[in-house]
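To start, the structure itself, in structure tokens.
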Amino acid sequence: MHALIIKPLLASGALQFAFEKATTEGKVTIGVLIIVSLFSWTVIITKFRQLYRARKMGTRFFASYRSTGRRLTSSITRPPKRSNTI
């Protein structure tokens, strides 16, 4: 049995051939998809970083809160009632 050799997609020239044979509309579509993909990945990475920082800050807060031994409910007061008169 012959050994199965898999050539990488870029090395075989298939993408270059497809891009050369594509119409203008196809090239524009590919370009727009690449730009939108890059934008999407920046949003994904930014949101991941925000969640990471929030989790880290939450962990710090809860560690600090647990170390105080006091409860926040004892220091909370009700806000004054507002009258509905105009």
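Only the coordinates and a few stated rules stand behind these numbers; no lab work does. Since the model is a prediction, treat every value here as computed from it, not as a measurement. As a convention, Cβ positions derive from the backbone with ideal geometry for all residues, glycine included, and neighbour counts pool all protein chains shown.
The label-point distance for Gln16 and Lys47, in a model that sets each label 7 Å from Cα toward Cβ, rounds to 3.8 nm. Applied to segment 36-49, the Karplus parametrisation 6.51 cos²θ - 1.76 cosθ + 1.60 on θ = phi - 60° returns per-residue 3J(HN,Hα) values of 5, 5, 4, 4, 4, 5, 5, 5, 4, 5, 4, 5, 4, 5 Hz, with x for Gly and Pro.
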